[in-house]
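Q: Mind having a look at this structure? Questions to follow.
The values are calculated or read from the model by the stated rules, or taken from the named source; none is laboratory data. This is a predicted model, so every value here is computed, not measured. Cβ placement follows ideal geometry from the backbone for every residue including glycine, while neighbour counts extend to all protein chains displayed.
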Amino acid sequence: MTTTPRTKSPAAARGKGASNGAGDYTAANIQVLEGLEAVRRRPGMYIGSTDQRGLHHLITEIVDNSIDEAMAGVCDLIEVTIEPDGHVSVRDNGRGIPVDTVQKTGLSGVETVLTVLHAGGKFGGGGYKVSGGLHGVGASVVNALSKELEVEVRQNRALWRQTYERGVPTSALAKVRGEKPEDTGTWTRWLPDPDVFETLDYDFDMLAGRFREMAYLTKGVFIKFVDLRGDGRERSYYFDSGVEAFVRHINRGKGLLHPDPIYVNEERDGTLVEVGLQYNASYGESVYSFANCIKTIDGGSHITGFRTALTRVLNDYARKAKILKDNDQNLGGDDVREGLSAVVSVKIGEPQFEGQTKTRLGNPEVKGIVESVVAQKLAQVLEENPATARKILDKALTAARAREAARKARDLVQHKGVLEGSNLPGKLADCSETDPELAELYIVEGDSAGGSAKGARDRRTQAVLPLRGKILNVEKARLDKMLENEQVRNMITALGTGFGDDYNPAKLRYHKIIIMTDADVDGAHIRTLLLTFFYRFMPELIEGGYLYIAQPPLFSVTRGKNVTWFHTERELEVYQEEHPGNLPNLQRYKGLGEMNPEQLWITTMDPANRMLLRVEVHDAEEADELFTMLMGDEVPPRKAFITANALTATLDV
C-alpha cells in the first residue's frame, strides 16, 4: 500500500485568501462525458475489468446478441473466429441489425446500436421476447473499446457495411454494390484497443467452455468456435436436449443414484423455467444458474426458489412415507443438496440483473414461479419412482447425521478463539506482522522442508505451516471425516476464516497462501490434494486471489562463484545450447529439504526473486469435472485420462 505525504495544508494549497472548499465547487467542476467517451474513460464500469476477463467479455457481449436471436427462434448458427493478429469476428444467421433510420437518433439502426448506450431492440420495442443483453450497452461498449470495428448486415437480398475506429464511424453505412445474399444475419469483426486492455491473449479453453454452456441452454443452435492462432484449434457445439444434456455432462464419472435426470420445462406467467437435476454418490454440490443464458454466478431469486422447493418437497415426501418420524428434525438444505448436480435456467422478459456483468438475478416474482414449477414436477417424480426417492432420501439422512458429527468437530476447529496464539497449530511458525495484507503463509510438506522454510523465511511477514505427509483426499470424504484429519484442522485453524456457512473473509490472517511442495511426483500429488481441499471447502480463497503455488527450481548450475537456477528442463536445455560443454556442477533438486535455507530464500521465498503462480478458476464446470475425475471414486474416467495424456506426460525418475 502506497501513501502520498501531504506537504501543504488544504488552505495553503488553495492559496492565500482562498475561500473554503465548498465555495470552490462550481458547475465548472462538473465534467460531462458524451457518447462513448465515458466507456473509454471508465471501461471497468462496463466490462468489469481490463484484464483477460474484460477482453473475453467483449466476445460474450456480441455472442449474447446472437444468442438473443436464437432465443427468438430466428437464428440457428453462430460462428466465432479468433484471427492470428488478435481480431475477433462473430457471424450469425439471424435477422440482422436493422439498417433503416431510428427516429429518435436520426441514425441507422446499425449506427445507433454501435454508438448509443442503452439502445437496442430489447427495451419493450417488440424486437425480443427474452434477451440476455437487457442493459443494451453490449455492442456499443465493444465498439468503444476497439481500435477498429467493422460490421456487415445481410437483409432483404442486400449487404450493408460500416467501419469504426475507437467507437467513431469512419464510413457511413452503405450498401455493397453487386452483393445480393440469399441469407440474413450480422457479422461483426473487431480488434480490442491495446491502449485499453492489459493483454490481448485469449484463453481458448475458457471461451470454449462458455460457448458450450450457451449451446446447452439454447436448444437447436449450432455454435462453431475457431482459433486460427498457432496450430489452430476448433470446437463445435449442438445439443437438442438442452439442460438435461448439461446435467448428464456435469455428472460424468460421479456414480449416479438414478440413471436419468429429473427434468422440468414449463412456461408460467411469461417466465420459462428449465431445470435439470440428478443425484450422484459424491459429497459435494454442483449447481449452475442462468437467466436468459447469462451465467448468474451469485445466484438470485431463481436459485432461492429452486432450493426452497427441493427442501420442502423432500421433507414432505419423507414425512408422508414415514422415512422421517414425528420426532425427527426436518432435513436441512445442505442435507438435501449433498451429491446434487443441477442446472437452473430461466428466460424472462424483463430480468433485473445486478450490474452490467449480470452476476445475480433480482426479480422477486421469479422465486415463486420457480418454486412452484419445480415443486410440482419433483413431487410427481418422487411419487412415481419410490425407489429413486428412497435413494435420494437415504443419502440426505446420512448427510444429516454426518452434519451433526461435523458440527461438533467444526466447533473444535472454528469456535474456540482461533485467532489467539495459544490456539494456533503447534507446528505453525507464525509471523510477527498482524496486517493480513502484508502477511504470507507457506504450506509445506514434511518437517525437513518445513525446517528449511522456517530458516529461510522473513520472520516479520512469512509464516510456515509444515504438513505431515499426504493430507486426506476430501473428494472421497464427508465433512465429519475431513474435520477429523489433523492436517486439515491445522490449515483451517491457521487461516482463521472458518469455512462453508461460517466463512468470514474478515478473519483471514494471510492474504497470500502459498502451497510449496517438492518438484517431484509426490509433491505434485500433495499439491493436488491441497488444491482439492481449497476448491471444495474454501473456494472463496481462490475467488479472492489469495491462493498461490510456489515454483521451486529443479536445477542449479555453478560456475565459479555464480549459481544459475532453472525451473524447467527446457530452461536448462536452452542454457546448455548457449553454453556448450559438460556441466560438472549441475545439481537437481527433487526435494525442498535438499536446499539450505539461503538457497530456498533466494529461489523460492524472496519476494524480489521468487516466481508464484496464482490459482484461478476460469471454468467452474470444467474444474469440477477435473477434480471429480482425478480425485473421485470412479476409476475408468481416471484411467482414460491417463491413457489419453500418457504420451505428453513428463516422466519423473
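Q: State whether one or more residues within the stretch 86-98 are farther than 20 Å from residue 59 by Cα, surrounded by fewer than 19 Cβ atoms within 10 Å (Cβ to Cβ) and either in contact (Cβ under 8 Å) with a residue 12 or more places away in the chain or not assigned by TED's automatic domain parsing to the domain that holds residue 152 (or both).
A: Taking the stretch 86-98 as the starting set, the residues that turn out to be farther than 20 Å from residue 59 by Cα are 98.
Going one step further and asking which of them are surrounded by fewer than 19 Cβ atoms within 10 Å (Cβ to Cβ), we end up with 98.
Next, from what is left, pick out any that are either in contact (Cβ under 8 Å) with a residue 12 or more places away in the chain or not assigned by TED's automatic domain parsing to the domain that holds residue 152 (or both): 98.
Looking through the stretch 86-98, at least one residue is farther than 20 Å from residue 59 by Cα, surrounded by fewer than 19 Cβ atoms within 10 Å (Cβ to Cβ) and either in contact (Cβ under 8 Å) with a residue 12 or more places away in the chain or not assigned by TED's automatic domain parsing to the domain that holds residue 152 (or both).
Q: Identify all residues within the stretch 547-596 that are in a strand (DSSP E or B) and of a type in the set (A, V, I, L, M); write none if there are none.
A: Looking only at the stretch 547-596, we keep the residues that are in a strand (DSSP E or B), and these are 547-550, 555-559, 562-566, 586-588.
Passing the criteria: 547, 549, 550, 557, 563, 586.
Q: Here's a follow-up. Among the candidates 546, 535, single out the residue that is touching an Asp or Glu at 6+ places or on another chain (Cβ under 9 Å), buried (at least 23 other Cβ atoms within 10 Å of the Cβ) and over 16 Å from residue 471 (Cβ atoms). Working first, answer last.
A: On the way: 535 fails: over 16 Å from residue 471 (Cβ atoms).
Only one candidate passes the filter, namely 546.
Q: Which of the residues belonging to the stretch 452-490 are in contact with a strand residue (DSSP E or B) (Cβ under 7 Å, 6 or more places away or on another chain) and not in a loop (DSSP other than H, G, I, E, B)? Steps first, please.
A: As a first pass, look at the stretch 452-490 and keep what is in contact with a strand residue (DSSP E or B) (Cβ under 7 Å, 6 or more places away or on another chain): 453-454, 457, 461-467, 487, 490.
Of everything in the stretch 452-490, those that are in contact with a strand residue (DSSP E or B) (Cβ under 7 Å, 6 or more places away or on another chain) and not in a loop (DSSP other than H, G, I, E, B) turn out to be 453, 454, 462, 463, 464, 465, 466, 467, 487, 490.
Q: Tally time: how many residues in the stretch 321-358 are under 29 Å from residue 214 (Cβ atoms), modelled with pLDDT under 90 and either among the acidic types (Asp, Glu) or assigned to a strand (DSSP E or B) (or both)?
A: 3
Condition check ((1) aliphatic (A, V, I, L, M); (2) surrounded by fewer than 16 Cβ atoms within 10 Å (Cβ to Cβ); (3) touching a residue at least 40 places away in the same chain (Cβ under 8 Å); (4) more than 28 Å from residue 44 (Cα to Cα)) across all residues:
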site: 198; (1), (2), (3), (4): no, yes, yes, no
site: 210; (1), (2), (3), (4): no, no, yes, no
site: 214; (1), (2), (3), (4): yes, no, yes, no
site: 219; (1), (2), (3), (4): no, no, no, yes
site: 227; (1), (2), (3), (4): no, no, yes, no
site: 234; (1), (2), (3), (4): no, yes, no, yes
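Q: Right, next: Would it be correct to say that residue 508 is at pLDDT 90 or above, surrounded by 14 or more Cβ atoms within 10 Å (Cβ to Cβ) and within 30 Å of residue 283 (Cα to Cα)?
A: On the way: at pLDDT 90 or above: yes; surrounded by 14 or more Cβ atoms within 10 Å (Cβ to Cβ): yes; within 30 Å of residue 283 (Cα to Cα): yes.
Yes; evaluated as a whole, the condition is true for this residue.
Q: Within the stretch 163-182, take every residue that is assigned to a loop (DSSP other than H, G, I, E, B) and touching a strand residue (DSSP E or B) at 6+ places or on another chain (Cβ under 6 Å) and give me the one that is nearest to residue 246 (Cα to Cα). Quick ask: steps written out before the conclusion?
A: To start, the set of residues in the stretch 163-182 that are assigned to a loop (DSSP other than H, G, I, E, B) comprises 166-167, 170-173, 176-182.
Now restrict to residues that are touching a strand residue (DSSP E or B) at 6+ places or on another chain (Cβ under 6 Å): 170-171, 173, 176, 179, 181.
Values: 170: 43, 171: 44, 173: 41, 176: 42, 179: 41, 181: 36 Å.
Across the stretch 163-182, the extreme among qualifying residues is 181.
Q: Is one or more of the residues making up the stretch 268-288 surrounded by fewer than 20 Cβ atoms within 10 Å (Cβ to Cβ) and closer than 30 Å to residue 81 by Cβ?
A: no
Q: Answer yes if at least one residue in the stretch 364-375 is surrounded by 20 or more Cβ atoms within 10 Å (Cβ to Cβ) and modelled with pLDDT under 95, and no otherwise.
A: Checked against the condition, which is being surrounded by 20 or more Cβ atoms within 10 Å (Cβ to Cβ) and modelled with pLDDT under 95, the stretch 364-375 yields no hits at all.
Q: Pick out the one residue from 465, 424 that is in contact (Cβ under 8 Å) with a residue 60 or more places away in the chain and hydrophobic (A, V, I, L, M, F, W, C).
A: Working: 465 fails: in contact (Cβ under 8 Å) with a residue 60 or more places away in the chain.
From the options 465, 424, the qualifying one is 424.
Q: Would you mention how many residues in the stretch 229-278 are out of contact with any strand residue (DSSP E or B) (no Cβ under 8 Å at 6 or more places or on another chain) and either polar (S, T, N, Q) or under 30 Å from residue 201 (Cα atoms) (or both)? Full working, then the answer.
A: Residues of the stretch 229-278 that are out of contact with any strand residue (DSSP E or B) (no Cβ under 8 Å at 6 or more places or on another chain), as a first pass: 230-231, 239-241, 245, 249, 252-253, 259, 268-270.
From what is left, the residues that are either polar (S, T, N, Q) or under 30 Å from residue 201 (Cα atoms) (or both) are 230-231, 239, 241, 249.
Qualifying residue count, the stretch 229-278: 5.
Q: Given the residues 594, 598, which is the only one that is at pLDDT 90 or above and more than 34 Å from the chain's Cα centre (by Cα)?
A: Just a single option satisfies the conditions, and that option is 598.
Q: For residues in the stretch 289-313 being within 27 Å of residue 138 (Cβ to Cβ) and hydrophobic (A, V, I, L, M, F, W, C), which is surrounded by the most Cβ atoms within 10 Å (Cβ to Cβ)?
A: Residue satisfying both the conditions and the ranking: 291.
Q: Please go through the stretch 89-117 and pick out each residue that is touching a Lys or Arg at 6+ places or on another chain (Cβ under 7 Å) and either on the phi > 0 side of the Ramachandran plot or of a type in the set (A, V, I, L, M, F, W, C) (or both).
A: Residues of the stretch 89-117 that are touching a Lys or Arg at 6+ places or on another chain (Cβ under 7 Å), as a first pass: 89, 96.
Within the stretch 89-117, 96 is the sole residue that qualifies.
Q: Could you look through the stretch 431-451, keep only residues that are among the small types (Gly, Ala, Ser) and assigned to a loop (DSSP other than H, G, I, E, B), and pick out the one that is surrounded by the most Cβ atoms within 10 Å (Cβ to Cβ)? Quick ask: steps written out before the conclusion?
A: Here is the first cut: in the stretch 431-451, the ones among the small types (Gly, Ala, Ser) are 432, 439, 446, 448-451.
Then drop every residue that is not assigned to a loop (DSSP other than H, G, I, E, B), which leaves 432, 439.
Values: 432: 10, 439: 21.
It comes out as 439.
Q: Still on this structure, I have one more. Residues that are among the basic types (Lys, Arg) and within 23 Å of the chain's Cα centre (by Cα): list the strands (runs of 3 or more DSSP E) wholly contained in the stretch 198-291 that include at least 2 such residues. Lay out the reasoning, then the answer.
A: Values: elements: 222-227, 233-237, 262-268, 271-279, 285-291.
Fully inside the stretch 198-291 and qualifying: 233-237.
Q: Cβ-Cβ distance below 6 Å, separation of 6 or more or different chains: which pairs start in the stretch 603-614 with a residue that is in the same structural domain as residue 516 (by TED's automatic domain parsing) and end on one that is of a type in the set (A, V, I, L, M, F, W, C)?
A: Once the first residue is in the same structural domain as residue 516 (by TED's automatic domain parsing) and sits in the stretch 603-614, its partners that are of a type in the set (A, V, I, L, M, F, W, C) give 603/565; 604/550; 605/456; 613/549.
Q: OK, next. Looking at 527, 610, which is the one that is crowded, with 16+ Cβ neighbours inside 10 Å, out of contact with any His (no Cβ under 7 Å at 6 or more places or on another chain) and in a loop (DSSP other than H, G, I, E, B)?
A: 610
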